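Each remark here refers to the structure printed beneath this line.
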Amino acid sequence: MSVEFFTPPGEFVADPEPAWLARLVLDGDATFWNSGAGQGSLSHGDAETKLILTYDEAHGFYLEYVTEDKQYFVSLGEGSFDEVVAPHVGGDPLPLPAAFFVSPLEASRVVEEFLCSGTRGQSIKWGLRSEQGWHYGYPDAE
């Protein structure tokens, strides 16, 4: 499998058990997901891809999938681009639209697909980050 999980508290777990990860995503809370760096990530060595998980207690998970050639895809949920959510990552708020968040159940399916194949899977909608028109709360630089 060759997968590495970097936990929000800052530990590396080589080839994590899928059932354990599923429980963390489905049942984990802010105590785990918002600790330390405030983000978790999975790296799939065979495919050289990465899945980044950012958690908000009220909205679920913001997922970023990074391809081998460094294209960034973001999860697209049912929320609004008008509602801003600001989870803390690295100690700083990261303004994101609620539209980027998916439920823990949806996130667990994405994690399962990633563990198996290193791909972002098709269980949720994805969009290229650069095409979303979201600039993290900063006005467009012209």
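On the Cα set of the stretch 46-142, report Rg and Dmax in Å, please.
Expressed in Å, the Cα Rg and Dmax of the stretch 46-142 come to 13.2, 42.
Please work out the Cα center distance from the stretch 80-94 to the stretch 35-61, rounded to the nearest Å.
Spelled out, the Cα-based centre of one part sits 15 Å from the other.
Leaving ligands, DNA and RNA out of it, report the carbon-plus-sulfur percent of the accessible area of the stretch 1-108 at a 1.4 Å probe.
Exposed carbon and sulfur together represent 51 percent of the surface.
Sorted by mean Cβ packing within 10 Å, highest first, what order do the peptides 103-115, 86-98, 60-72, 10-22 take?
Put in order of decreasing packing, that is 103-115, 60-72, 86-98, 10-22.
Starting from one equal scatterer on each C-alpha and no solvent at all, send me the Debye-based log10 I(q)/I(0) for the stretch 1-109 at q = 0.22 Å⁻¹, two decimals.
Each listed q corresponds, in turn, to -1.31.
Hey, can you grab everything whose amide H is under 5 Å from the amide H of T49? Only 5+ residues off in sequence or another chain; H modelled, so Pro and N-termini drop out.
Residues meeting the criterion, in which the H sits 1.01 Å from N, are H44.
Among N34, F114, Y62, which residue has its Cα furthest toward the positive end of the charge dipole of the chain, with +1 on Lys/Arg Cβ and -1 on Asp/Glu Cβ?
F114
Mind checking the angle between helix 18-27 and the chain's longest principal axis? C-alpha axes, 0 to 90 degrees, to the nearest 10.
The answer is roughly 40 degrees.
Using 0.36 nm times the number of residues separating D15 and K70, minus their current alpha carbon distance, what extension gain do you get?
17.5 nm
Under a 1.4 Å probe, what is the accessible area of the chain per residue, stated in Å²?
Details: 7510 Å² over 142 residues.
For the chain, the solvent-accessible area averages 53 Å² per residue.
The values are calculated or read from the model by the stated rules, or taken from the named source; none is laboratory data. Everything quoted here is computed from the prediction, not taken from an experiment. Ideal geometry is used to build each Cβ from the backbone, glycine not excepted, and the neighbour counts take in all protein chains shown. Remember, those area values only see protein heavy atoms, side chains included, never the ligands or the DNA or RNA. Shrake-Rupley method; radii C 1.70, N 1.55, O 1.52, S 1.80 Å.
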